[in-house]
Amino acid sequence: MAAAHALDRHVVLVGFMGAGKTTVGADVARRLGREFVDVDDEVARAEGPIWELFQERGEAAFRELEARFARDACARREPAVIALGGGAVETRELLTGLDVLVVYVHVDVDTAWARVQGSDRPLARDETEFRARYERRQPLYAEIAEARARDADDVVLAAAGVHVERGALRRLGDLVPGDDPVALVSDPHVAGIHGADAQLALGRRLASTHELPLGEEAKTVAAIEGLWQELTIPRRGVVAALGGGCTTDAAGFAAATWLRGVPWVPVPSSLVGQVDAAIGGKTAIDLPSGKNLVGAFHWPARVVIDPALLETLPAEQRREGMAEVVKTGLLAGEPLWELPDDELVRRCAAFKSAVCLRDPREAGERAILNLGHTFAHALEAAAGYEGVTHGRAVALGLLAALRLSGKTTAIVEEVLEPKPVRVDRERAWAALQRDKKRGLVLLGDDGPVWDVRLPPEDVRRALDDLIAG
Ligand SMILES: NC(=O)c1ccc[n+]([C@@H]2O[C@H](COP(=O)([O-])OP(=O)(O)OC[C@H]3O[C@@H](n4cnc5c(N)ncnc54)[C@H](O)[C@@H]3O)[C@@H](O)[C@H]2O)c1
Ligand SMILES: [Zn+2]
């Protein structure tokens, strides 16, 4: 089964002239930390202006040239972002045999025409002809591409294999890559609400259904052993995990270990899951001595996000997710928490996807996703993981991180309304010091910085300010 992501492949952008492939491509490349190759530019640099090539040698000769440069670009070793010219898809064998992720950057014909009319593009002179060509090309783009995008966020999501679509659950059978049997894992609560839709959508691919215990109980050796004993899917089978972050963390770990690793597809149903837990390929279970101590990096073959699932999510679970949304917005430097659900989920998922694609194994900058979390973990540990939810602890942790960054805390106060917790100060401080090997994540003037060392008395004061009494 071919995975739907581009973790270690080129991302190739196709689309009509005026779709913005160059702008979007450059933006995506920057966000993924990859090189950007604009094939039209390469051709022009080597052979002269494209309109001249068209005039002097004709379209067929230009297409041959273009195909050669496109294949050269795809032969690069380091995964890059490559934009093809609008007409490249007319060379049918152009991308055959190449293991690249093709994304169709879509634009409507009116916008495209408005953007290119009067330019020096040889095929943008006559409007009627332009529109006819647009119609003719649509099916070619759709046929060659694995994903469709309107903007850079969509391309980043496609590169991570993340599919965000209202109603996606009902198309799960089509969205799980390949045609192999699927083991569906859920928790009893989510299975009761959305399990039947998932089973129906998987149809004849459904091999078995499994339930993990609710909440963190799913992330135990005992629960995973139970799941291992139930699984029967073969090496080419797929684990689909429908549920919150506990279900996807545990089922993802089971997938990473079953038969030494089978592909998996998280279908996150909680806000925490859709904006955070299901993205980036970290899977884990807990031990009595600490959370997430046993796990694996196992990038999902695809992530299927259906924001409609959030409609059944209890309010307190939504608040848990909003803490991670505010964290993401602060990191991105944009008020993502103000967006309506579908867009909020799409933008947050894209932000995390880009960070994780740049640093899939957390060698460095992925640490920024821990903004506020050093303090949060200390408070949770001091509370013995009871009475203080992760979301509440993160809201407080964000206050501390913002204060230490010299930034206003107004947004966090307003959106998350954090209340100081009653925990033992010494216990919290001891826990924070155990966690401090990594340094702190703060917000600098040019974005997040990580591994920051501050004087212990400042850190202690910031922690104390989060504790009541
Ligand atoms: N792997 C990662 O990168 C990563 C990142 C963040 C968090 N996590 C992990 O995620 C876990 C927390 O995830 P969570 O907050 O989603 O917890 P969860 O999985 O326990 O789900 C929370 C509750 O919401 C219910 N629920 C979920 N979706 C629902 C829906 N659509 N309708 C009604 N009820 C629904 C669940 O049944 C559960 O009771 C933690 O274990 C954390 O370590 C992992
Ligand atoms: Zn968190």
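Coordinate-derived values only; no laboratory data. As the structure is a prediction and not an experimental result, all values here were calculated from the model. Glycine also receives a Cβ, built like all others from the backbone with ideal geometry; neighbour counts cover every protein chain displayed.
See the values below:
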quantity	calculated
Helices (runs of 4 or more DSSP H) wholly inside the range 171-257 that include at least 3 residues being within 13 Å of ligand 1 (Cβ to nearest atom)	245-257
Selection within the range 272-290 - within 6 Å of ligand 1 (Cβ to nearest atom), over 10 Å from the mean Cα position of the chain (by Cα) and over 16 Å from ALA254 (Cα atoms)	VAL272, GLY273
Which numbered condition GLU426 misses (of (1) assigned to a loop (DSSP other than H, G, I, E, B); (2) loosely packed, with under 15 Cβ neighbours inside 10 Å)	(1)
Whichever residue in the range 374-388 is buried (at least 17 other Cβ atoms within 10 Å of the Cβ) and over 24 Å from the mean Cα position of the chain (by Cα) and, among such residues, is nearest to ligand 2 (Cβ to nearest atom)	GLU380
Qualifying residue in the range 265-273 (condition: assigned to a helix (DSSP H, G or I), within 16 Å of ligand 2 (Cβ to nearest atom), closer than 20 Å to ALA296 by Cα and of a type in the set (A, V, I, L, M))	yes
Lone unmet requirement of (1) under 31 Å from the mean Cα position of the chain (by Cα); (2) touching a residue at least 24 places away in the same chain (Cβ under 8 Å); (3) at negative phi for THR96	(2)
Whichever residue in the range 396-423 is closer than 16 Å to HIS377 by Cβ and over 29 Å from the mean Cα position of the chain (by Cα) and, among such residues, is surrounded by the fewest Cβ atoms within 10 Å (Cβ to Cβ)	VAL421
Pairs, first assigned to a strand (DSSP E or B) in the range 283-305, second among the aromatic types (Phe, Trp, Tyr) and within 11 Å of ligand 1 (Cβ to nearest atom), C-beta under 9 Å, six or more apart	THR283/PHE253; THR283/PHE297; ALA284/PHE253; ILE285/PHE253; LYS291/TYR385; VAL294/PHE253; GLY295/PHE253; ALA296/PHE253
Residue tally, condition more than 20 Å from ARG133 (Cα to Cα), of a type outside the set (D, E, K, R) and in contact (Cβ under 8 Å) with a residue 24 or more places away in the chain, over the range 65-93	8
Any hit, the range 105-123, residues being hydrophobic (A, V, I, L, M, F, W, C), touching a helix residue (DSSP H, G or I) at 6+ places or on another chain (Cβ under 6 Å) and part of a loop (DSSP other than H, G, I, E, B)	no
Tally, over the range 308-361, of residues that are within 16 Å of ligand 2 (Cβ to nearest atom), of a type in the set (D, E, K, R) and buried (at least 20 other Cβ atoms within 10 Å of the Cβ)	4
Residue match in the range 418-436 (condition: more than 29 Å from HIS163 (Cα to Cα) and within 16 Å of ligand 1 (Cβ to nearest atom))	yes
Top-ranked residue of the range 354-388 - restricted to ones that are among the small types (Gly, Ala, Ser) and part of a helix (DSSP H, G or I), ranked as nearest to PRO418 (Cα to Cα)	ALA376
Residues being more than 14 Å from ASP276 (Cβ to Cβ), of a type outside the set (A, V, I, L, M, F, W, C) and under 19 Å from the mean Cα position of the chain (by Cα) - total across the range 294-324	4
Condition met for ARG260 (surrounded by fewer than 23 Cβ atoms within 10 Å (Cβ to Cβ) and touching a helix residue (DSSP H, G or I) at 6+ places or on another chain (Cβ under 6 Å))	no
Residues of the range 199-217 classified as surrounded by 16 or more Cβ atoms within 10 Å (Cβ to Cβ) and either touching a residue at least 60 places away in the same chain (Cβ under 8 Å) or at positive phi (or both), total	1
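For (1) surrounded by fewer than 16 Cβ atoms within 10 Å (Cβ to Cβ); (2) part of a helix (DSSP H, G or I), each residue gets a yes or a no:
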{"site": "ASP8", "(1), (2)": "yes, no"}
{"site": "THR23", "(1), (2)": "yes, yes"}
{"site": "VAL28", "(1), (2)": "no, yes"}
{"site": "GLU52", "(1), (2)": "yes, yes"}
{"site": "ALA61", "(1), (2)": "yes, yes"}
{"site": "ALA73", "(1), (2)": "no, yes"}
{"site": "ARG76", "(1), (2)": "yes, no"}
{"site": "GLY86", "(1), (2)": "no, no"}
{"site": "ARG92", "(1), (2)": "yes, no"}
